[in-house]
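To start, the structure under review is shown below, and the notes come after it.
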Amino acid sequence: MQISGPGISPGNVYEAIGGEATFDQLVDGFYAQVPDDDILGPMYPPEDMAGARRRLKLFLIQYWGGPNTYSAERGHPRLRMRHHPFRIDRAAAERWLTLMGNSFARIDDETIPPAYRSMMWDHMERVSAMLVNTPD
């Protein structure tokens with residue numbers, strides 16, 4: 001994904017925000033909250049927490065311009081299909097955003113400048129809404 005515009009340097013997001021280290025921070029911050037969460041915690045089997053964390057990290061890295069490891073290992077992302085077995089209602093989607101927002105808040109604006117943060121957050125809002133598969 002090539003990005004340009006006011007306040008955004010040309011190049012891909014992955015490189016612009018510090019590469020894998022930044023995605024480690026983001027995903028680690030999210031998954032640190034999951035086990036104790038009353039809505040999301042039960043969706044993640046404890047024995048696969050490390051696998052879930054790795055898959056999210058690889059997906060985000062690939063989406064934002066990093067290595068294509070996710071697709072090389074798992075094929076096309078097919079997010080709706082992969083999330084179909086889980087009951088995802090609006091409350092679950094909003095909680096996912098809350099935990100991800102908490103994780104973003106732990107990362108300074110120097111690492112993820114506001115223009116990139118906004119772009120990434122907009123994407124996360126769209127994806128979380130798209131994955132809702134259970135009516136309220």
Normalising by the residue count of region 5-81, find the relative contact order in percent from Cα pairs under 8 Å and 6+ residues apart.
32
Among the GluC sites (Glu not before Pro) within region 33-136, which fall in a DSSP loop and have no more than 16 other Cβ atoms within 10 Å of their own Cβ?
110
What one gets for region 64-127 as the Kirkwood radius, inverse of mean 1/r over different Cα pairs in Å, is 13.8
Work out the length of the dipole vector of region 32-92 about its Cα centre, built from +1 on the beta-carbon of each Lys and Arg and -1 on the beta-carbon of each Asp and Glu, and round it to the nearest 20 debye.
380
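Using alpha-carbon pairs under 8 Å, 6+ residues apart, how would you state the relative contact order of the chain in percent?
Relative contact order for the chain comes out at 31 percent.
Taking the Cα centre as origin and putting +1 on Lys and Arg beta-carbons and -1 on Asp and Glu beta-carbons, what dipole magnitude results for the chain, to the nearest 20 debye?
Computed charge dipole of the chain: roughly 540 debye.
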Give the accessible area for residue 128 in Å² (nearest 10); use a 1.4 Å probe, count only protein heavy atoms, and leave out ligands, DNA and RNA.
10
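Against the globular-protein guess of 2.2 N^0.38 Å, express the Cα radius of gyration of the chain as a ratio, rounded to two decimals. Spell out each step's value before the answer.
Details: Rg = 14.9 Å, N = 136, 2.2 N^0.38 = 14.2 Å.
Cα Rg divided by the expected 2.2 N^0.38 Å: 1.04.
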Tell me which of 76, 29, 93 sits at the most positive position along the dipole axis of the chain, charges placed on C-beta atoms (Lys, Arg +1; Asp, Glu -1).
76
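The values are calculated or read from the model by the stated rules, or taken from the named source; none is laboratory data. As the structure is a computational prediction, the values presented were derived from the model and not from experiment. So basically every Cβ, Gly included, is an ideal-geometry build from the backbone, and we count neighbours across all protein chains shown. Each accessible area value is taken on the protein alone, full model and side chains, heavy atoms only, with ligands, DNA and RNA left out. Shrake-Rupley method; radii C 1.70, N 1.55, O 1.52, S 1.80 Å.
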